[in-house]
Amino acid sequence: MATETVLGAWVAAGLTLFIYSFLYKDNPLFKLGEHLYVGISVGYSVVLAWHEVFVKQFWTPLSKSVVEAPADPASYVLLIPAVLGLLMLTRFVPQIAWLSRLSFAFVVGFGSGVAIPRTVSSYILKQIEDTVNSLVPTGDGGFSAFMNFALPQSGVNTIILLIGVVSVLFYFFFSVEHTGPGMVTARTGIYFLMIAFGAAFGYTVMSRMSLLIGRFRDLITFSGAEYGYATLVLLFVTVLSLAGWEVGARRKGGEG
Amino acid sequence: MIVASILLLLLTGGAALAAPPSLVPPEGFRVLDTPNDAGKSLSLVWKASPADNKDRKVEVWAVESPSADFKKVAEYPANTRYVKPGDFPWWSRPVGQGDHYVKLSSSKAFPIEDGRSYAVKLLVREGDQEVWSDVSQAASYPDRFNTAQVNNLIFALAFTGILLASIAAARRNPHVHLRRIAGLDAVEEAIGRSTEMGRPILYLTGSGGMSDVSTIAATVILGEVAKKVAHYDTTLKVPHRDPIVMAVCQEVMKEAYVQAGRPDAYKEDSNFFITDDQFSYTAAVDGIMLREKPAANFFMGSYFAESLLLTETGAGTGAIQIAGTDSDHQLPFFVTTCDYTLIGEELYAASAYLSREPVLVGTLRGQDFGKAFIMGVLVFGTALATVGVVVQTEIFHYVLDLFKDFK
Amino acid sequence: MIFLKRQLPLAITFFMGTAFALQYYIPHPVSEDAITNVSKWMQIISGFALLLGIASLFHVHAVKIQRQVPGWGYSLVLYVAMLGTIAVGFWAHGETKVNGAQTGFGWMYDYTMVPLQGTMFSILAFFIASAAYRAFRARSREASVLLAAAVMVMMGRVPLGQFLAPWTWDVTQWLLNVLNSAVRRAILIGVSMGSVALSLKIILGIERSYLGGGKDQ
Amino acid sequence: MKDFARRMVGIDRRLIFLLVAVAVLFPLLRPFGLPIKISPEVNAVYDYIEALPERSVFLISFDFDPSSKPELEPQGIALLRHAFRKNLRIIGMTHWLTGTGLADSVFSKVAAEMGKERGKDYVFLGWSPGGGALIISLGQDLYKAFPSDYQKNPTHGMPVLEGVRNLRDVNYMVSLAAGGAGIEMWYVFGKDKYRFEMAGGSTGVIAPGLYPFLRSGQINGLIGGLQGAAEYETLIGQRGTATAGMDAQSATHFVIIVLVILCNVFYFVLRGEKGRSA
């Protein structure tokens, strides 16, 4: 197997174990791994931002169009976003920091503008449209089709959906006290909420466990002979250094 | 959908019954500029006929320029391309419900330019019979407004009006009625308890910066807690992970102690900075919980994975825990590990309720009007839809279409 | 000057906001060209915005190292890692692979960043487990309902659950498609109103926090 | 009883960590291979791709980063295998900067395995910032949004992109999302205006939040978490890491369930005690 692959396996396994050492307690190995992580991902972002945005999106197209049609002002249009982008960076020069406001105004204005009609369309109208349905059984199938819980669109489920949406909306309605019928609706709402949270809970557990499984699979791979038993060796090293650190800390504690 | 299927059923059924009739040209054939588009496209419409069936083909023949002669552009089975409910709103429907509608876009085979008139005719063929429709002409134009989405625009404008009105109203009187929020009542109890136990109170403002609505809400609620704490003079500890938020919280607390008439009791060091690093911060706060055993823990603001570690340790030390967050991915954990939880918008509501800041209160009211309206639409709309099906009428679509999303 | 600093930004926001909100309703080619160009510009500006965030992080840790605040060593580690990655990255012209062969940049990504990031989040699996044992209590009727639903989904979503109690599968499906949908839809509508309200307040200059403070990204 | 409960509640959490580690390790080393059941949500995606004619345009957006690799990478691999098998033209991209390398390697890996050619059968456009703005930009003019692909080849005139001007020419789209900048965003800024059919693949964490869109047909299918990935692997009859992981998944879920039950048993025992002492 290629040297860099084996080396990679050792590095990957080591860093993984460093992070897991937090399970014992917060310790230098973990902090080391964590800061490496931040540093490397920021570095990666810088490199990609440069090549993918500055070079591909800006420099190459601009120079191309300028070479093709130097006289045409349209060739220089990409300078506008570049200037706006540069203005953002004036944040770091207190005297002219206010210039950055112009570009933020531009970006935030655009963002807010495009968001409004699309939000209304996708998150409000479309949702209302799908909630408003006839309750009486339509088409064939009759009552049995109406009572079919397995079919999300069936009549009974339509009713439940309507009750759920309205009662939860009402729970987040702050202009009236939750008393009398309001009380009943709000309670219904909260129970619906709890069931949904339960589902979210279950799914979150599922996700987290999947991540763990993924990492463990790698660790198992790296513990193979072809990788020089990287995981096992490094596990031993990590435990040892943790113990050493613990002892050191104790002693310091003793003196202090 | 249903209506369409019934319609289709009738039509095909009818076709099956009828003896193979001699072909008649499609009734009411027209070509027109496609409505609500950016141009470069024409629309063809013609009436549905009981004789439509899958063996009968409809061919579209068009001519680019007067000089050139007609050529075939497209072909469909005669029992397809019906206008279904939901395709068009009643206020911008080029042809009747259930009739035929075909959109002809500019293509290599048949380029369509704006402002030029094109002649189109249909050829209907079944078996060896065939018959031509008469020629219809139209030109394509780009449109200035998409009328199909006018309901979307109205909704947006109406909501703007309501929002501005309610903010203005709140500026005049910020003390409009807002409902009590259970989580806030618990605050009193928690503070009382920690006073009698002589233990400190721990208050976290979450991981967000000052630009997060939830962090702002957290600082507002901190002010309220501080006021009560000042009365009882219990110790309040606020560990931070963002220097700016810490500075704000110091001001808020000082102010609260002054309002409570106990400026002397305020301690500068009750706000303190730990680290901006997520897990190290969490570990440190857990340490505080285990050493000082606070009787009450408050978790307000936005949280990520750390929420679990914090609330778990807190639950272990037997403290009353009150949470408030809009981080929905963490809510399930807060609900199961804390005694009270302000869920999502409740957190914003709480801060409006306490601060009575006109914009906050006004926005909350504005959204309430919006919600009330939508709840009404849902209930009333369902009733209409049901009645519509019972008495077999399309009439209610004039109302229901207003709350659908058209393109 | 005060005009440039206060009113002009607000004017720009208002103009951009209204213009591109209305653009949605205008199919005319003119409006289409407008959004084609401006959305393209946004890509480039966002690139700079990214740099802004990164630069502030640079700054924070530089200060830590200068002042030698406790734990400044880690900031140094962060710095070295960051500069190291940047160096390797530019050396490889940002390419992770050159005709099939992995570059140093690709290696760093595959063997340091991927495992580190993956592991950071997988720790949570352990914390969920210990929280499950020590904190997830049915302390109220609501919490009991929540836990019941959670257990149902945890059963119904894995083969073992489907194997031991096949009905949990169907119940889970119904729970997700109907009950859960209803709640999520209500929340979605509520939150959307909030976000529309915020957008409106920004466009109308009622909400201005994005102009001050450094936390706009 | 009560002392026992008290002692049990007080045990060192590291023991529980150990328990979880074992629950994951054991099934990974000794899998017991339980059958995977297919949900309609996942089936819908499979059927739609199955029904697409050859050379249809399939856009897949890898909107995640290494932190959710174990869940979404298998989904991506399964989808690509299926799409390549159907001879679709595949366009790949990502909204998540730190996920770029991951997405690219998945593409090259599966393409190599299926003997497909970059630029002819598929293209990976790479990453670009902008989120919603980027989607709008793609919807208006793909070549403006991505003048060149991830390997710096100009997108104009690429055989794979023949006849594709913008998102309107996409036949099917799937976003594999780990968060906000994903499925919803693709709908709101993409499908809402450019009318292509789309589905979602997501991490477990965000899956429940996507059901309203599934119900309203805003997305026509949903692949949720590792289970979803395993279902898709089963559908295309090529078992992968997801299927292999499901046994461990089962085990851990049951450990959690048992822990929750224990937790509550002890809680009620001790609560009774508190009640009296107070």
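Just to be sure I understand, how many residues within the range C:1-50 are polar (S, T, N, Q), out of contact with any Ser or Thr (no Cβ under 9 Å at 6 or more places or on another chain) and more than 8 Å from chain A (Cβ to nearest Cβ)? Qualifying residue count, the range C:1-50: 2.
Whether a residue is outside any helix (DSSP H, G or I), over 30 Å from B:Asp114 (Cα atoms) and free of Cβ contacts under 8 Å to residues at least 40 places away in the same chain was assessed, and C:Pro27 does not pass this test. Of the residues examined, D:Phe4 is one that is more than 14 Å from chain A (Cβ to nearest Cβ), over 24 Å from the mean Cα position of the chain (by Cα) and either aromatic (Phe, Trp, Tyr) or within 30 Å of D:Ile91 (Cα to Cα) (or both).
Can you find a residue in the range D:87-108 that is more than 9 Å from every other protein chain (Cβ to nearest Cβ), more than 20 Å from the chain's Cα centre (by Cα) and either open to solvent by 30 Å² or more (accessible area, probe 1.4 Å) or without any contact (Cβ under 8 Å) to a residue 12 or more places away in the chain (or both)? There is at least one residue in the range D:87-108 that is more than 9 Å from every other protein chain (Cβ to nearest Cβ), more than 20 Å from the chain's Cα centre (by Cα) and either open to solvent by 30 Å² or more (accessible area, probe 1.4 Å) or without any contact (Cβ under 8 Å) to a residue 12 or more places away in the chain (or both). When B:Gly209 is tested against the conditions (1) open to solvent by less than 50 Å² (accessible area, probe 1.4 Å); (2) within 30 Å of B:Pro294 (Cβ to Cβ); (3) at pLDDT 90 or above; (4) in contact with a helix residue (DSSP H, G or I) (Cβ under 8 Å, 6 or more places away or on another chain), the lone failure is (3).
Which one of A:Leu235, A:Leu212, A:Leu219 is in contact (Cβ under 8 Å) with a residue 60 or more places away in the chain, open to solvent by less than 60 Å² (accessible area, probe 1.4 Å) and closer than 24 Å to C:Pro115 by Cβ? Exactly one residue qualifies, and that residue is A:Leu219. Checked against the criterion of being surrounded by 15 or more Cβ atoms within 10 Å (Cβ to Cβ), under 21 Å from C:Val171 (Cβ atoms) and at pLDDT below 95, the range A:133-142 contains not a single residue that satisfies it. Scanning the range B:300-313 for residues that are within 26 Å of D:Arg6 (Cβ to Cβ) and in contact (Cβ under 8 Å) with a residue 40 or more places away in the chain returns a single hit, B:Leu310. Residues of the range B:52-85 that are surrounded by 15 or more Cβ atoms within 10 Å (Cβ to Cβ) and outside any strand (DSSP E or B): B:Asp52, B:Asn53, B:Arg56, B:Glu64, B:Phe70, B:Ala78, B:Asn79, B:Arg81, B:Val83, B:Lys84, B:Pro85. If the condition is being more than 8 Å from chain C (Cβ to nearest Cβ), open to solvent by less than 40 Å² (accessible area, probe 1.4 Å) and either closer than 25 Å to C:Ser195 by Cβ or free of Cβ contacts under 8 Å to residues at least 12 places away in the same chain (or both), then the range A:146-161 contributes A:Phe146, A:Ser154, A:Val156.
Kindly indicate whether C:Gly84 is more than 23 Å from B:Ile274 (Cβ to Cβ), under 24 Å from the mean Cα position of the chain (by Cα) and facing chain A (nearest Cβ under 8 Å). Judged against the criteria, C:Gly84 is not a match. Could you check the range A:41-145 for helices (runs of 4 or more DSSP H) lying wholly inside it with 1 or more residues that are of a type in the set (Gly, Ala, Ser), out of contact with any Lys or Arg (no Cβ under 9 Å at 6 or more places or on another chain) and facing chain C (nearest Cβ under 8 Å)? By residue number, A:79-88, A:99-119.
The set of residues from the range B:231-247 being in a helix (DSSP H, G or I) and surrounded by 19 or more Cβ atoms within 10 Å (Cβ to Cβ) comprises just one member, B:Val245.
As a summary of the residue check, B:Thr275 satisfies the conditions (1) away from chain A (no Cβ under 12 Å); (2) at pLDDT below 90 except for the one numbered (1). The single residue among A:Gly180, A:Gly244 that is under 26 Å from B:Tyr348 (Cβ atoms) and either crowded, with 19+ Cβ neighbours inside 10 Å or not hydroxyl-bearing (Ser, Thr, Tyr) (or both) turns out to be A:Gly180. Would you confirm whether or not the range C:108-115 contains a residue that is more than 7 Å from chain A (Cβ to nearest Cβ) and over 18 Å from A:Phe197 (Cα atoms)? Scanning the range C:108-115, I find at least one residue that is more than 7 Å from chain A (Cβ to nearest Cβ) and over 18 Å from A:Phe197 (Cα atoms), so the answer is yes. For the condition more than 8 Å from chain C (Cβ to nearest Cβ) and of a type in the set (Lys, Arg), A:Lys31 does not qualify. Is there a residue in the range B:140-156 that is modelled with pLDDT of 90 or more, surrounded by 12 or more Cβ atoms within 10 Å (Cβ to Cβ) and part of a strand (DSSP E or B)? Yes, the conditions are met somewhere in the range B:140-156. For the range C:51-78, filtering for residues that are more than 7 Å from chain A (Cβ to nearest Cβ) and part of a helix (DSSP H, G or I) leaves 16. Is there a residue in the range B:365-378 that is open to solvent by 10 Å² or more (accessible area, probe 1.4 Å), modelled with pLDDT under 95, under 24 Å from C:Val145 (Cβ atoms) and at the interface with chain A (Cβ under 8 Å from one of its Cβ atoms)? There is no residue in the range B:365-378 that is open to solvent by 10 Å² or more (accessible area, probe 1.4 Å), modelled with pLDDT under 95, under 24 Å from C:Val145 (Cβ atoms) and at the interface with chain A (Cβ under 8 Å from one of its Cβ atoms).
Results for (1) more than 10 Å from chain A (Cβ to nearest Cβ); (2) buried (at least 23 other Cβ atoms within 10 Å of the Cβ); (3) small (Gly, Ala, Ser); (4) in a helix (DSSP H, G or I), shown as yes or no for each residue.
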position	(1), (2), (3), (4)
C:Phe163	yes, no, no, yes
C:Val171	no, no, no, yes
C:Ser181	no, yes, yes, yes
C:Ala186	no, yes, yes, yes
C:Val191	no, no, no, yes
C:Lys201	no, no, no, yes
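The values are calculated or read from the model by the stated rules, or taken from the named source; none is laboratory data. None of these values were measured; they are calculated from a predicted model. For neighbour counting, all protein chains shown are included, and Cβ atoms are generated from backbone atoms with ideal geometry for every residue, glycine included. Note: accessible area is taken over every heavy atom of the protein model, side chains too, but ligands, DNA and RNA are not part of it. Shrake-Rupley method; radii C 1.70, N 1.55, O 1.52, S 1.80 Å.
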